Amino acid sequence: MNNVEKMTDIVAKFVAYTAKKLPDDVIAKLEELGAKEDSPMAKVIYETMFRNQELAVKLDRPSCQDTGVLQFWVKCGTKFPLIDDLEALLKEAVVKATFEAPLRHNSVETFDEYNTGKNVGKGTPTVFWDIVPHSDKCEIYTYMAGGGCTLPGQAMVLMPGEGYEGVTKFVLDRMTSYGLNACPPLLVGVGVATSVETAALLSKKALMRPIGSHNPNERAAKMEKLLEDGINAIGIGPQGMGGKYSVLGVNIENTARHPSAIGVAVNVGCWSHRRGHIIFDKDLNYEITSHTGVIL
Amino acid sequence: MLEIKDGKTILTTPVSAEDLKDIKIGDIIYLNGSLTTCRDVAHRRVVEEGREIPVDVRNNAIFHAGPIIRPLPDDKFEMVSVGPTTSMRMEKFEYEFVKITGVRVIVGKGGMRENTARACKEFGAIHCVFPAGNAVVAAVEVEEIVKAEWRDLGMPETLWNCRVKEFGPLIVSIDAQGRNYFEEMKVEYNKNKDVQIEEISKQVGFIK
């Protein structure tokens, strides 16, 4: 097996694994929130969720039937030996995982409107690149973007007069309109930047950050907490059916902005937030930080 | 038939209007018997094309869902993974669908609106939510796939007629009186949201 095949195989196995087991931080947060709900309905919903995750591992099946479109956030060193092969290799890994896991066929070619039957297509899986100078490592976040939690995504440009008050309204409006059906408790990603595309990318990137992590900017971190408490206080609860906690967390990512514009975007992850994180060194030794005790 | 067993409210098909009369929005129930997956195109065929539904769902249950199925020998099938899909997509068809087919229990994800609520009230039916994302729990509560009709629609849209055992939890979102859980909750959520926007806005005046 050459190195391209070796890395393809590792990524395929890891992707299949993430369909069946949630990352450590998500499991811990669901356990924390589940224990704090006291209505019989919320309790039954959490019990079902925990039983489902146990059964998925025991029976070796995807825990949710919607295994999403695969997205990869890559932080690749310029000296990583497989940098040239990476994008093609990730696509091949998704095809492999789709037949091995099995994953649902979730790639429909636009305009021609047919399902490719392989879970990959033009531009899918999505690969987002961050190039890291002078490094020979490759870090990959894997993410299964399901249909239900993709639907609430929205981006727009506010006028500075609308301020962070406008950002607040933008995010909260989305929670009560589209958030209910997106399988709460949600992980909410917010991008605050200069235009729609910069904000939108950041709002998805924010979902790769571990639950409980904070934006290094003190005010941004304060706003994360305010939005988290505020959305919880709306009372959406698990499945949008009412409860004390509506979110796993709120993560904000930001850049500077044009003086005349505030780009803002929101993206959400469902309670079944299937995110993985794997780091390869130049010899393809790997470390998985999102899930403990994984044997691929 | 409606029974309470070990504290669980269990509906067994065939279900009568009488069985549903004491079930209220927010109740948690379980289902035994005949449950058929039925979603977008099947609704369109029944309502718009006027075709006869090839599985008898009268006094039985339908499930807005598209499963992952594994074929077995002798034209048998195994339910691998099945979860609810957004019920709202069927809202447009559901009044006519209930009227024509006589279905009593509709299972799906999220709320539905006035068309469905009107059907539930007029014809004696309910809509329930199966907690989404729990596809393995739902799959193991399917005892057998009894038959598969309209297979030309492909795996997600085929009518998979299942025999289920204590299928649930099902949370009643529209009852046979026509009350609608999500619509009532949304009023409260929106009120709470306005309060929170005002509170947070006082603390994020970073542009000065």
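The values are calculated or read from the model by the stated rules, or taken from the named source; none is laboratory data. Just so it is clear, the structure is predicted and the values come from calculations on it, not from any experiment. For neighbour counting, all protein chains shown are included, and Cβ atoms are generated from backbone atoms with ideal geometry for every residue, glycine included.
Sort out which residues of the stretch A:137-196 are more than 30 Å from residue A:42 (Cα to Cα), within 14 Å of chain B (Cβ to nearest Cβ) and assigned to a loop (DSSP other than H, G, I, E, B), and write them in order of number.
A:159
Scan the stretch A:81-92 for residues that are closer than 25 Å to residue A:209 by Cα and touching a Ser or Thr at 6+ places or on another chain (Cβ under 7 Å) and jot them down.
Across the stretch A:81-92, the qualifying residue is only A:89.
Out of A:109, A:139, report the one residue that is of a type in the set (Asp, Glu) and closer than 21 Å to residue A:273 by Cβ. Working first, answer last.
Details: A:109 fails: closer than 21 Å to residue A:273 by Cβ.
Unique residue meeting the criteria: A:139.
Considering every residue within the stretch A:172-195, establish whether at least one is closer than 27 Å to residue B:88 by Cβ and acidic (Asp, Glu).
Filtering the stretch A:172-195 down to residues closer than 27 Å to residue B:88 by Cβ leaves A:172-190.
Narrowing further to those that are acidic (Asp, Glu): A:173.
Looking through the stretch A:172-195, at least one residue is closer than 27 Å to residue B:88 by Cβ and acidic (Asp, Glu).
Search the stretch A:66-88 for residues being among the charged types (D, E, K, R) and part of a loop (DSSP other than H, G, I, E, B), and hand back the single one that is nearest to the other protein chains (Cβ to nearest Cβ).
Just the residues of the stretch A:66-88 that are among the charged types (D, E, K, R), to begin with: A:66, A:75, A:79, A:84-85, A:87.
Keeping just the survivors that are part of a loop (DSSP other than H, G, I, E, B) gives A:66, A:79, A:84-85.
Numbers: A:66: 7, A:79: 40, A:84: 35, A:85: 31 Å.
If we take residues in the stretch A:66-88 being among the charged types (D, E, K, R) and part of a loop (DSSP other than H, G, I, E, B), then A:66 is nearest to the other protein chains (Cβ to nearest Cβ).
Tell me, which strands (runs of 3 or more DSSP E) wholly within the stretch B:112-208 include 2 or more residues that are at the interface with chain A (Cβ under 7 Å from one of its Cβ atoms)? Can you show your working first?
Working: elements: B:126-129, B:142-149, B:159-174.
Hits in the stretch B:112-208: B:159-174.
Within the stretch A:249-295, work out how many residues are without any contact (Cβ under 8 Å) to a residue 40 or more places away in the chain and either out of contact with any His (no Cβ under 8 Å at 6 or more places or on another chain) or more than 30 Å from residue A:9 (Cβ to Cβ) (or both). Before the answer, list the steps.
The initial filter retains those residues of the stretch A:249-295 that are without any contact (Cβ under 8 Å) to a residue 40 or more places away in the chain, namely A:283, A:285, A:287, A:289, A:293, A:295.
Restricting the remaining residues to those that are either out of contact with any His (no Cβ under 8 Å at 6 or more places or on another chain) or more than 30 Å from residue A:9 (Cβ to Cβ) (or both) gives A:283, A:285, A:287, A:293, A:295.
Residues meeting the conditions: 5.
Could you tell me which of the residues B:85, B:37 is at pLDDT below 95, closer than 17 Å to residue B:156 by Cβ, among the hydroxyl-bearing types (Ser, Thr, Tyr) and in contact with a Gly (Cβ under 9 Å, 6 or more places away or on another chain)? Before the answer, list the steps.
Values: B:37 fails: at pLDDT below 95.
Every option except B:85 fails the conditions.
Hey, could you check the stretch B:145-204 for residues that are in contact with a Cys (Cβ under 8 Å, 6 or more places away or on another chain) and among the β-branched types (Val, Ile, Thr) and say which is farthest from residue A:170 (Cα to Cα)?
The residue in question is B:146.
Mind telling me which of the residues A:236, A:252, A:295, A:231 ends up being modelled with pLDDT under 95 and either over 23 Å from residue B:198 (Cβ atoms) or not hydroxyl-bearing (Ser, Thr, Tyr) (or both)? Walk me through how you get there before you give the answer.
Working: A:236 fails: modelled with pLDDT under 95; A:252 fails: modelled with pLDDT under 95; A:231 fails: modelled with pLDDT under 95.
After applying the criteria, what remains is A:295.
Please work out if residue B:25 is buried (at least 18 other Cβ atoms within 10 Å of the Cβ), part of a loop (DSSP other than H, G, I, E, B) and within 14 Å of the chain's Cα centre (by Cα).
Numbers: buried (at least 18 other Cβ atoms within 10 Å of the Cβ): yes; part of a loop (DSSP other than H, G, I, E, B): yes; within 14 Å of the chain's Cα centre (by Cα): yes.
Yes.
Could you pull out the residue among A:29, A:91, A:20 that is within 30 Å of residue B:29 (Cα to Cα), basic (Lys, Arg) and away from every other protein chain (no Cβ under 13 Å)? Outline the logic, then answer.
Numbers: A:91 fails: within 30 Å of residue B:29 (Cα to Cα); A:20 fails: away from every other protein chain (no Cβ under 13 Å).
Just one listed residue meets the conditions, A:29.
Kindly indicate the residue of the stretch B:51-110 that is more than 27 Å from residue A:105 (Cβ to Cβ) and of a type in the set (Phe, Trp, Tyr) and also surrounded by the most Cβ atoms within 10 Å (Cβ to Cβ) among those meeting that condition.
B:97
Can you give me the number of residues within the stretch A:117-136 that are modelled with pLDDT under 95 and more than 14 Å from chain B (Cβ to nearest Cβ)?
Of the residues in the stretch A:117-136, 1 are modelled with pLDDT under 95 and more than 14 Å from chain B (Cβ to nearest Cβ).
Hey, among the residues in the stretch A:221-247 that are within 21 Å of the chain's Cα centre (by Cα), part of a helix (DSSP H, G or I) and of a type in the set (Gly, Ala, Ser), which one's farthest from the other protein chains (Cβ to nearest Cβ)?
Here the residue is A:221.
Filter the stretch A:197-220 for residues that are assigned to a helix (DSSP H, G or I) and aliphatic (A, V, I, L, M) and give the result. Working first, answer last.
Filtering the stretch A:197-220 for residues assigned to a helix (DSSP H, G or I) gives A:197-208, A:218-220.
Residues satisfying the conditions are A:199, A:200, A:201, A:202, A:206, A:207, A:208, A:220.
Select from the stretch A:150-197 the residues that are of a type in the set (A, V, I, L, M, F, W, C), more than 23 Å from residue A:213 (Cβ to Cβ) and either surrounded by 22 or more Cβ atoms within 10 Å (Cβ to Cβ) or out of contact with any helix residue (DSSP H, G or I) (no Cβ under 9 Å at 6 or more places or on another chain) (or both) and list them in ascending order.
Looking only at the stretch A:150-197, we keep the residues that are of a type in the set (A, V, I, L, M, F, W, C), and these are A:151, A:155-159, A:167, A:170-172, A:175, A:180, A:182-183, A:186-188, A:190, A:192-193, A:196.
Within this subset, residues satisfying the condition of being more than 23 Å from residue A:213 (Cβ to Cβ) are A:151, A:156-159, A:180, A:196.
Correct list: A:180, A:196.
Among the residues of the stretch B:49-99, write down those that are part of a helix (DSSP H, G or I) and within 14 Å of another protein chain (Cβ to nearest Cβ). Spell out the reasoning first.
Step one: filter the stretch B:49-99 for residues part of a helix (DSSP H, G or I), giving B:87-99.
Within the stretch B:49-99, B:87, B:88, B:89, B:90, B:91 qualify.
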